[in-house]
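**Student:** I have a structure I would like to understand better, so I am pasting it below and will then ask my questions one at a time.
The values are calculated or read from the model by the stated rules, or taken from the named source; none is laboratory data. Everything numeric here is computed off the predicted structure, so don't read it as measured data. For neighbour counting, all protein chains shown are included, and Cβ atoms are generated from backbone atoms with ideal geometry for every residue, glycine included.
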Amino acid sequence: MKKFIIGLLSLIVIMSLSACGSSEPKVEMTADSSLTNLEEKISNISNVKIFDESTDPNENLGRPGQYIGKGDFFDSRIEDSEENAGTIEFFSSKADCKDRYEYLCKMSDPELGAFGVNQYIYKYELAIFRVSYDFTPTEAEEYKTAMDEIMGEVSIQYEGK
């Protein structure tokens, strides 16, 4: 009986180890990989720019409570090529992502007028994806749908107008 139990336990251990080895490792999404995937889905993207600590225009990259990855993309449908069509920011925690999302939503308040940020804002578990108001709602929805597929989840959209 003892040999049977030891044999059974050995079989369980071997099976669990082989099951662990057969699963694919989870690839962590980054600003670079997400925007590369977006370029494959939307042909109008004309340029992607990935930031590091020294090139981040907000100087937030890597600072405590801020994003850990950021990238901008440009779209040939927007005439002023100096303005980006959108941006994505990645965070190390859900709390940091939520805090940034709430801040951006406040900055999008219509009462701020010219001082506000006019963007479509989509929140994921650890990322915020923003698209320029220069796009029609239909064009912005195209970006949202593509990024939802890339992120493997449905975004929460800021509904302020």
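**Student:** Being surrounded by 15 or more Cβ atoms within 10 Å (Cβ to Cβ) and over 18 Å from ILE128 (Cβ atoms) is the filter here, so list the residues in segment 78-114 that pass it.
**Tutor:** Across segment 78-114, the qualifying residue is only ILE78.
**Student:** Quick one: which residue in SER43, SER33 is closer than 29 Å to THR136 by Cβ and not in a helix (DSSP H, G or I)? Even if it seems obvious, please write down each step before you answer.
**Tutor:** Numbers: SER33 fails: not in a helix (DSSP H, G or I).
Only one candidate qualifies: SER43.
**Student:** Another one. Does any residue in segment 38-65 that is closer than 25 Å to SER93 by Cα and aromatic (Phe, Trp, Tyr) come within less than 7 Å, Cβ to Cβ, of a residue that is assigned to a loop (DSSP other than H, G, I, E, B) and at pLDDT 95 or above six or more places away or on a different chain, and which pairs are these?
**Tutor:** PHE51/LEU61
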